[in-house]
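Structure, as structure tokens:
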Amino acid sequence: MLKPDGSVLGKEDLLAIFPGSLVEQEFSCERFIPIPEELRELYVELGRPTPLLRARRLERTLNTPLKIYYKYEGVLPTGSHKINTAVAQAYFNKLEGYARLVTETGAGQWGSALALAGSLFGLKVRVYMVRSSYNQKPYRRVLMELYGAEVVPSPYTSFGRRILEENPEHPDSLGIAISETIEDVLTSQNSRYSLGSILNHVLLHQTVIGREAIKQLELIGEDLPDHVVGCVGGGSNFTGLTYPLYYEIVVKRRKEAVFIAVEPSSVPSMTRGVYTYDYGDAAGLTPLLKMYTVGHKYTPPPIHAGGLRYHGVAPTLVLLVKKGVVKPVTYGQVDVFKAAELFARTEGIVPAPESAHAVKAVIDIALEARKRGGKGVVLFNMSGHGLLDLQGYQDYLEGKMKDYKPHKIDYSYIPGLTLSLQRVR
């Protein structure tokens with residue numbers, strides 16, 4: 001991380017928005033960090049370990065020689081993997097005496113998870129919900145409010161109002177909502193920022209997914225996967241499954257495998273972005289992160305996979321993309337929902353629009369295996385259910401869904417394009 005002047009960010013620079021314990025996790029070089037016993041007990045109460053399921057009916061329908069497994073996080077109370085880091089962040093904030101958490105949310109999966117976590121630990125929660133999702137997914141807002149959170153449509157604050165003055169119909173972006181969240185925290189008493197993706201401590205909390213999957217494969221006598229697949233917005237669910245498997249497969253050299261990260265074609269950070277330093281938010285309040293980015297001022301089209309509408313990707317993940325360890329692929333919204341429809345009709349689970357991107361990639365892998373022959377194991381993260389995303393499915397079934405192309409990407413204002421040449425070697 002860098003400051004705007006190009007100097008290296010220190011731990012003390014993050015203490016204005018994060019509690020000290022999470023800052024320590026962010027900068028830790030330890031491979032493993034123990035989960036406090038109280039958190040371990042809470043994970044069990046909330047439904048961990050989550051099931052590892054085999055998609056046998058999908059395999060038969062596709063007539064593929066591959067075995068398709070998925071880790072199903074949708075059984076958790078708020079319907080996605082996001083609760084894994086939400087309760088951890090609420091726990092550490094409570095320990096340090098903070099009374100209020102503020103965050104942003106795209107599709108509402110993260111916002112609802114933090115709303116529940118705040119309720120469990122007696123913390124107030126405010127959620128800035130991206131306006132396009134606020135309008136598309138009213139029941140996500142209801143769920144957050146049911147858990148006791150205050151939900152406001154972003155743009156909302158002084159920064160957001162300036163945007164709305166220029167364009168009253170602005171669909172918002174996660175970058176704008178992050179700016180508003182940080183503005184709120186810096187001007188409020190006893191409040192701290194909770195983030196649902198991108199940073200190291202958030203990804204760390206999600207690795208419980210992959211560690212469980214490894215143990216579950218072992219218990220059923222199954223090989224480690226030949227393909228590991230997940231969708232990517234910021235990267236939390238992909239890395240949560242993949243990082244432990246990367247350690248077992250690549251670092252320990254146990255076998256060869258292909259890691260596939262799937263993004264929406266309307267926000268092509270990994271496939272069309274530049275690898276450089278950029279802000280994590282639209283107003284430039286965050287540190288500069290080195291990542292693949294389409295620019296912190298990029299406004300993604302209002303796709304139904306609101307959790308994937310982010311301009312950048314977790315820095316640790318993009319290192320693996322840069323080195324060729326992780327292969328990025330991209331799909332349009334209509335093809336993704338078509339894949340989700342097939343999965344729902346064969347396996348009975350309606351995927352969240354974000355998870356449906358992984359389903360699409362898995363189907364393509366399975367069909368390719370049918371052509372060339374050969375057996376193998378595919379594992380993907382079904383990071384959430386889509387039962388509160390049925391408006392999107394209705395649009396798809398009625399032929400109303402738009403297959404958005406990416407807006408024009410303007411790289412000229414990305415600070416790292418000049419900063420990296422001037423100050424970073």
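Hey, among Glu354, Glu256, which residue is in the same structural domain as Leu379 (by TED's automatic domain parsing) and within 16 Å of the chain's Cα centre (by Cα)?
Just one listed residue meets the conditions, Glu354.
Report whether or not Leu199 is surrounded by fewer than 24 Cβ atoms within 10 Å (Cβ to Cβ) and among the hydrophobic types (A, V, I, L, M, F, W, C).
no
Restricting to region 131-154, count the residues that are under 24 Å from His205 (Cα atoms) and either assigned to a strand (DSSP E or B) or aliphatic (A, V, I, L, M) (or both). Reasoning before the result, please.
Going residue by residue through region 131-154, those that are under 24 Å from His205 (Cα atoms) are 140, 143-144, 147-149.
Subsequent filtering for residues that are either assigned to a strand (DSSP E or B) or aliphatic (A, V, I, L, M) (or both) retains 143-144, 149.
Residues that pass the stated criteria total 3.
Select the strands (runs of 3 or more DSSP E) contained entirely in region 21-105, then report the ones holding at least 2 residues which are at pLDDT below 95 and of a type in the set (Val, Ile, Thr).
On the way: elements: 52-54, 66-72, 100-105.
Counting at least 2 such residues, we get no strands (runs of 3 or more DSSP E) at all.
Looking at this structure, is Leu388 touching a residue at least 24 places away in the same chain (Cβ under 8 Å) and either closer than 26 Å to Pro406 by Cβ or outside the structural domain of Ala261 (by TED's automatic domain parsing) (or both)?
Considered against the rule, which asks whether it is touching a residue at least 24 places away in the same chain (Cβ under 8 Å) and either closer than 26 Å to Pro406 by Cβ or outside the structural domain of Ala261 (by TED's automatic domain parsing) (or both), Leu388 comes out as no.
Name the residue, out of Ser236, Ser265, that is in contact with a Ser or Thr (Cβ under 6 Å, 6 or more places away or on another chain) and more than 30 Å from Leu39 (Cβ to Cβ).
Working: Ser236 fails: more than 30 Å from Leu39 (Cβ to Cβ).
Residue meeting the stated conditions: Ser265.
Among the residues of region 1-20, which ones are assigned to a helix (DSSP H, G or I) and hydrophobic (A, V, I, L, M, F, W, C)?
Listed by number, the list holds a single entry, Leu14.
Which one of the conditions (1) assigned by TED's automatic domain parsing to the domain that holds Asn381; (2) surrounded by 20 or more Cβ atoms within 10 Å (Cβ to Cβ); (3) under 25 Å from the mean Cα position of the chain (by Cα) does Leu42 fail to meet, given that it meets all the rest?
Answer for Leu42: the failing condition is (1).
Can you tell me which of (1) surrounded by 22 or more Cβ atoms within 10 Å (Cβ to Cβ); (2) modelled with pLDDT of 95 or more is the one Asp335 doesn't meet?
(1)
Checking His201 against (1) over 16 Å from His311 (Cα atoms); (2) assigned by TED's automatic domain parsing to the domain that holds Arg131, only one condition comes out false. Which one?
Among (1) over 16 Å from His311 (Cα atoms); (2) assigned by TED's automatic domain parsing to the domain that holds Arg131, the lone unmet condition for His201 is (2).
Which condition does Lys375 not pass, out of (1) surrounded by 13 or more Cβ atoms within 10 Å (Cβ to Cβ); (2) touching a residue at least 60 places away in the same chain (Cβ under 8 Å), if it passes all the others?
(1)
Do we have Gln189 as surrounded by 17 or more Cβ atoms within 10 Å (Cβ to Cβ) and more than 21 Å from His357 (Cβ to Cβ) here?
No, not satisfied.
Any idea which residue in region 410-422 is nearest to Gly295 (Cα to Cα), counting only those that are at pLDDT 80 or above and crowded, with 17+ Cβ neighbours inside 10 Å?
Per the criteria, the residue is Ile414.
Which members of region 260-296 meet the condition of being more than 29 Å from Val377 (Cβ to Cβ), outside any loop (DSSP other than H, G, I, E, B) and of a type in the set (A, V, I, L, M)? Steps first, answer last, please.
Our first condition is that a residue be more than 29 Å from Val377 (Cβ to Cβ); within region 260-296, this holds for 266-267, 272-291, 293-296.
Next, from what is left, pick out any that are outside any loop (DSSP other than H, G, I, E, B): 272, 274-279, 288-291, 293.
Within region 260-296, Val274, Leu288, Leu289, Met291 meet the criteria.
Output the residues belonging to region 106-115 that are under 13 Å from the mean Cα position of the chain (by Cα) and either surrounded by fewer than 24 Cβ atoms within 10 Å (Cβ to Cβ) or assigned to a helix (DSSP H, G or I) (or both).
Within region 106-115, Gln109, Trp110, Gly111, Ala113 meet the criteria.
Looking at Arg131, Arg40 in this structure, which one is in contact (Cβ under 8 Å) with a residue 12 or more places away in the chain and charged (D, E, K, R)?
Details: Arg40 fails: in contact (Cβ under 8 Å) with a residue 12 or more places away in the chain.
Residue meeting the stated conditions: Arg131.
Just need a number here: residues in region 204-249 that are modelled with pLDDT of 95 or more, in a helix (DSSP H, G or I) and not charged (D, E, K, R).
The qualifying residues number 23.
With respect to Lys290, is the statement that it is of a type outside the set (Ser, Thr, Tyr), in contact (Cβ under 8 Å) with a residue 12 or more places away in the chain and more than 23 Å from Cys29 (Cα to Cα) true?
Criteria not met by Lys290.
Output the residues belonging to region 295-354 that are within 22 Å of Leu76 (Cα to Cα) and of a type in the set (A, V, I, L, M).
Those that are within 22 Å of Leu76 (Cα to Cα) and of a type in the set (A, V, I, L, M): Ala305, Leu308, Ala340, Ala344, Ile349, Val350, Ala352.
The values are calculated or read from the model by the stated rules, or taken from the named source; none is laboratory data. No experiment lies behind these values; they were computed from the predicted model shown. Using ideal geometry, Cβ is built from the backbone for each residue, glycine included, and neighbour counts are taken over all protein chains shown.
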